[in-house]
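Novice: Right, I'll just put the structure down here and ask away after.
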Amino acid sequence: MHQRTPAAHVYPLPTVCPTPPEPGGAGTIGPRPEYPRTENDVSAVTPDLNARHGLNPPHSEVVAACREIQPGKALDMGCGGGRNAVYLGQLGFEVTAVDVNPGGLAMLQSIIDAEGLSKVEARLYDINEAALDADYDFIACTVTLMFLNPACVDAVIADMQQHTKPGGHNLIVVAMDTDAYPCPMNFPFTAKPDQMKKMYAGWELVKYNEDVGTMHNGARLQFATMLARKPS
Ligand SMILES: C[S@@+](CC[C@H](N)C(=O)[O-])C[C@H]1O[C@@H](n2cnc3c(N)ncnc32)[C@H](O)[C@@H]1O
């Protein structure tokens, strides 16, 4: 595992990483969406390494995005134990998975070693630094932005955009705080209505919504979900 010293301004991480709502996932309202099965689908990934190693399934928006995009060089921002990184690696992406939590990275590294996932790299990195050092076809940042230092978020997104190859994609899922649905969680950062959309002006919005979901504790809040494609 590549080691990099995190900066001193890392925000304290919650002892329990809240499981955010996903469309049709456990604890959410509404019907589970019926997605067409294609080549890049969870069902196409065998063996199911996530299940084998006790990881949750990949985020549903990562699965959906992989129906739109071809495998290439991917960055998983705030990878946790690696549920998305392992999935992307199985689909043929060359994955850099970064997190500030050594425990999650150690779990991912053990899976990499056990399964010989030579195209997945687990790396200690503080996203607040906004100092990416490579360019990517796909950057996934699912339910991670809200844990960052709010003062760093603009720079983090600008850095993600700068390090996305022409024609490449960014996927963001982030909790919102709105008048209609004040965020009930004490996240350091939450998105405002249209904030993500505005930050990606000039990019093609392949998908954008600010849907309401329900947490396992019954709390309801909005999430901004965005898959954006950088102009070629
Ligand atoms: C809710 S978890 C989401 C994990 C993963 N993206 C997923 O979809 O399952 C948030 C992750 O962000 C990581 N994180 C929080 N602040 C970070 C920072 N400053 N730099 C890197 N990772 C960070 C946490 O350690 C945690 O693994």
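Novice: Can you find, among Gly104, Leu227, Ile157, the residue sitting farthest towards the positive end of the charge dipole of segment 17-229, where Lys and Arg contribute +1 and Asp and Glu -1 at Cβ?
Specialist: Leu227
Novice: Within segment 199-232, whose backbone N sits under 17 Å from a point 7 Å along Cα→Cβ of Gln70?
Specialist: Under 17 Å, as judged by backbone N against the label point of Gln70, lie 229-232 of segment 199-232.
Novice: Going highest first, how would you order 114-120, 97-103, 132-138 by mean Cβ packing within 10 Å?
Specialist: Working: 114-120: 15.1, 97-103: 20.4, 132-138: 17.0.
The most tightly packed comes first, giving 97-103, 132-138, 114-120.
Novice: Using the structure shown, list the pairs from Lys165/Lys192; Lys119/Lys207; Lys198/Lys230 with a Cα-Cα distance above 20 Å, or answer none.
Specialist: In this structure, Lys165/Lys192; Lys119/Lys207 exceed 20 Å between Cα atoms.
Novice: Rounded if a/c is under 1.5, else prolate if a/b beats b/c, else oblate: with a ≥ b ≥ c from the C-alpha gyration tensor eigenvalues square-rooted, which is segment 17-229?
Specialist: Values: a/c = 1.37, a/b = 1.19, b/c = 1.15.
The shape class here is rounded.
Rule-based calculations on the coordinates, nothing more; no lab input. Given the structure is predicted, the values throughout are model-derived calculations rather than measurements. In this analysis, Cβ positions are derived from the backbone assuming ideal geometry, glycine residues included, and neighbour counts consider all displayed protein chains.
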